[in-house]
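Read the figures in this text as sums done on the coordinates, not as results from a lab. Computed from a predicted structure; not experimentally measured. Here the Cβ is made from the backbone with ideal geometry for all residues, glycine too, and neighbour counts use every protein chain on show.
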């Protein structure tokens with residue numbers, strides 16, 4: 001039988017190597033990126049002209065609206081806008 005007490009789990013976690021710095025940065029950026037992502041999708045759902053601009057040229061529409069078009073989120077953003 002395994003001992004899964006909090007103390008044992010804490011000990012096992014301390015034995016793991018540190019997370020790669022890129023993972024740490026990504027985790028720190030995720031809440032802000034998710035908020036921006038959701039904001040863009042909500043605006044596209046509410047504003048037909050913005051939605052059409054996003055569909056026509058996503059990167060240019062984001063730049064014109066003042067958003068930083070992070071290439072990592074573009075595929076998922078395209079998919080979400082197409083579905084909405």
### Query
For the range 35-82, what class follows from the C-alpha gyration tensor (a ≥ b ≥ c being the square roots of its eigenvalues): rounded when a/c is under 1.5, otherwise prolate if a/b is larger than b/c, else oblate?
rounded
### Message
Compute the angle between helix 21-46 and the longest alpha-carbon principal axis of the chain, please, reported from 0 to 90 degrees and rounded to the nearest 10.
### Response
30 degrees
### Query
What percent do you get for the relative contact order of the chain when only Cα pairs under 8 Å and 6+ apart count?
23 percent
### Message
Test of understanding: ordering 51, 14, 8 by Cβ neighbours within 10 Å, fewest first, what list do you get?
### Response
14, 8, 51
### Message
What distance in nm separates the two pseudo spin-label positions at residue 12 and residue 48, each 7 Å out from Cα along the beta-carbon direction?
### Response
5.6 nm
### Cα-based convex hull volume of the chain per residue, rounded to whole Å³
149 Å³
### Query
Add -39500 (n - 2.57) for each DSSP H run of 4 or more in the chain, then divide by its residues: what number comes out at 222 nm, to the nearest 500 deg cm²/dmol?
-23000 deg cm²/dmol
### Task
Along Cα→Cβ, 7 Å out, is where each label goes; now give me the distance between the ones at residue 65 and residue 29 in nm to one decimal.
2.0 nm
### Message
Between residue 72 and residue 19, what is the label-point separation in nm under the 7 Å Cα-to-beta-carbon projection?
### Response
1.2 nm
